[in-house]
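This report concerns only the one structure given below.
The values are calculated or read from the model by the stated rules, or taken from the named source; none is laboratory data. Since the model is a prediction, treat every value here as computed from it, not as a measurement. Cβ atoms come from the backbone with ideal geometry, glycine included; neighbour counts cover every protein chain shown. To get the accessible areas, we keep the full protein, side chains included, count just its heavy atoms, and leave off ligands, DNA and RNA. Shrake-Rupley method; radii C 1.70, N 1.55, O 1.52, S 1.80 Å.
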Amino acid sequence: MDITPGTPDNPASIRVALLRYTRGEDGRLFITPDCDSLEELEGQINSLQDELDEIRERARRAFQAT
């Protein structure tokens, strides 16, 4: 995540990048490894959700600081 702090003249700017991914043979980006069970997939989804929650909180702080 890149955060550009805001100034009185310009609002804060944030962009989110993928740090972990694999590229399929067809060019698609995958954000989880192969999951062989529902439990494994749910674990991956929960991990992604935790990361998104953290991004949301960091973004909230950055936007409130301006």
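Within segment 34-48, residues that are under 21 Å from residue 24 (Cα atoms) reach partners that are open to solvent by less than 90 Å² (accessible area, probe 1.4 Å) and part of a helix (DSSP H, G or I) with beta carbons closer than 7 Å, at six or more positions or on different chains, in the pairs 35/41; 35/44.
Quick grid of which residues meet (1) open to solvent by 90 Å² or more (accessible area, probe 1.4 Å); (2) in contact (Cβ under 8 Å) with a residue 60 or more places away in the chain; (3) more than 16 Å from the chain's Cα centre (by Cα); (4) at positive phi:
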position	(1), (2), (3), (4)
12	no, no, yes, no
20	yes, no, no, no
54	yes, no, no, no
63	yes, no, yes, no
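Restricting attention to segment 34-45, does a residue exist that is in a loop (DSSP other than H, G, I, E, B), open to solvent by 90 Å² or more (accessible area, probe 1.4 Å) and polar (S, T, N, Q)?
Within segment 34-45, the first condition is being in a loop (DSSP other than H, G, I, E, B), and the residues that meet it are 34-37.
Remaining after also requiring open to solvent by 90 Å² or more (accessible area, probe 1.4 Å): 34, 36.
Filter once more, so that each one left must be polar (S, T, N, Q): none.
No, segment 34-45 has no match at all.
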